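First the structure, in the form of structure tokens, and then the observations on it.
Every number in this text was worked out from the coordinates using simple rules, so none of it is lab data. What you are looking at is a predicted structure, and each value in this text was computed from that prediction instead of being measured. With ideal geometry, Cβ positions are generated from the backbone for all residues, glycine too; neighbour counts draw on all protein chains shown.
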Amino acid sequence: MEDCLRLRGRRAPDNYGYSYHGDYNQHVLCGSAVSSGQEPIKHTTRPITTSSTVIGLKFNGGTIVMSDTGVCYGNMLRFKSCERFCQVGDRTVVAASGEYSDFQYLTRDLKEMDTRDWVQEDGCSREPSSIAAYLGRTFYGQRSRLDPYWNQMIMAGWQKTSNEPYLGYIDLYGTTFPEDYIASGFGSYLAIPLLRKEYRPDMTEDEAKALLQKCFMALFYRDCTGLSTVQYAVATSAGIRLSDVSTLTHKWDYKLWLTPTSQLPVSASSW
Amino acid sequence: MASGTLSAPAPPFVMGVPSAACSRADEVGTGTTILAVSYKGGVVLAADTRTSAGAYVVNRASRKISKVHDKIYVCRSGSAADTQALTQFVKYYLNIHSLELGELPSVNTAATLFQSFHYDYKDMLMSGLIVAGWDGKRGGQIYSLPIGGSKIKVNVTAGGSGSVYISGLIDALYKEDMTKEEAQQLALKLLSHAMARDASSGGMVRMTTISEDGVEETTFEGDKLPTPA
């Protein structure tokens, strides 16, 4: 049992991406028609099951991160109610867009890191910036093996040492940086301009949530893979709080849109 | 099975995946419709029986629902070779695990084992699975394991090339907490519709129902299906 499961995650991490020749046992047990040439092992060369936008922003007293609950399979909205958040430690939560299987793997990896920290029983707990740095290095290492984790992660947390909220971004290239508001996927095109206009550092949690809902409404209208069911997580000094799934209301009842084409005023377009 | 002698064009989909992702157009695959439906007290797994290689039907009575443990079965779609090999491995490990545990394994464990293989070998495998069964901890469960290595718990799901034709029908017809008979009839109806439209699905319908009371297998012959094929 161990032989196959020890290679869980990425095969032969110490081979720096080159395929494994020597171990006959591995071939027998894992039964793979191995790429016998010297090709780099590629995992996620193109994402298959993908999730869409995540948006995070800091408010007065915490950070809020929101995403929808969908996982797509190419162009098909295949899974409609998936959770895309992972809590790490007592004051950090990570949400991911991109390849869902890589997110599920990284969730396992982060939870294992969490367990290793917990068994130390040393009274120390990781800061969100530390977890972001860890993830950033992990992503960079994988991308350097031409075998990326195909995700953009938004990380929200509470920095205990400086007593302030934290919001960070890590992506498949290993880019890592903190920000006041950030979005991944389609949101980086549609939501960021809205946030630039309306974000204020002294917002309350409710104002921040309303702004995010506004962004996700725009995304539901304009992103093919966007859903109207959303979920959010809030990080404050009290810890992490994950909300229930809620449905956004949307608006279609503009008079001009509902007028039958034959009755449109002359000035209106009939396309 | 002679390969490369058929000059039919490559199918656009092999099990719902663009054929650019396939190794060869005439590889033996379970071009297929598989599905699982949960009802109050258990799960129903159903599949068609056509195995195809390009345009040729290699086996018209294949068994795509395989036993992984007493009350855990898997519906296989994708490469016949890959899914058979994976099922053998997981069956082996799950058996040992169950002996060491001293009780029946959980469906989640089986699904996670499959997921492990899917994820670690994602660049080599073409396998889309549905793991379903019954255990004492969580009752009837269905886990969708699409290509790529994710594992998603669902109440109803379909897989394989024929699944695209019945996505809407599932949305319209599925209800929670059906009776066993309702679930079986729904599964049969869904499969028949998929087989009617998908060239890579056909033959008979095999159905496996798993609950606390046990496992029952039924087969519906090709000419006795509810919708004209």
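Here is how the numbers come out for the structure above:
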{"item": "Percent of alpha-carbon pairs separated by more than 25 Å within the stretch A:138-271", "result": "44"}
{"item": "Proximal aspartates and glutamates to B:Lys64, defined as alpha-carbon separation beneath 12 angstrom and excluding residues fewer than eight positions away on the same chain", "result": "B:Asp48"}
{"item": "Pairs from B:Lys153/B:Lys224; B:Lys91/B:Lys122; B:Lys91/B:Lys151; B:Lys67/B:Lys153 whose Cα-Cα separation, in the structure shown, is over 24 Å", "result": "B:Lys153/B:Lys224"}
{"item": "Charge dipole magnitude, Cβ of K and R +1, D and E -1 - the stretch B:141-218, Cα centre, debye nearest 20", "result": "380"}
{"item": "Residue-averaged beta-carbon neighbours from other chains (10 angstrom radius) around B:120-129", "result": "5"}
{"item": "Prolate/oblate/rounded label for the stretch B:113-229 (Cα gyration tensor, a/c 1.5)", "result": "oblate"}
{"item": "Three-way shape label, the stretch B:28-216, alpha-carbon gyration tensor, a/c 1.5", "result": "oblate"}
{"item": "Cα convex hull volume per residue for the stretch A:49-247 (Å³)", "result": "111"}
{"item": "Highest-MSF residue in chain B out of B:Ser161, B:Ser79, B:Ser150 [GNM, Cα springs under 10 Å]", "result": "B:Ser150"}
{"item": "The stretch B:28-134 - Kirkwood radius from inverse mean 1/r over Cα pairs (Å)", "result": "14.3"}
{"item": "Fewest-first ranking of A:Cys215, A:Cys224, using other Cβ atoms within 10 Å as the exposure measure", "result": "A:Cys224, A:Cys215"}
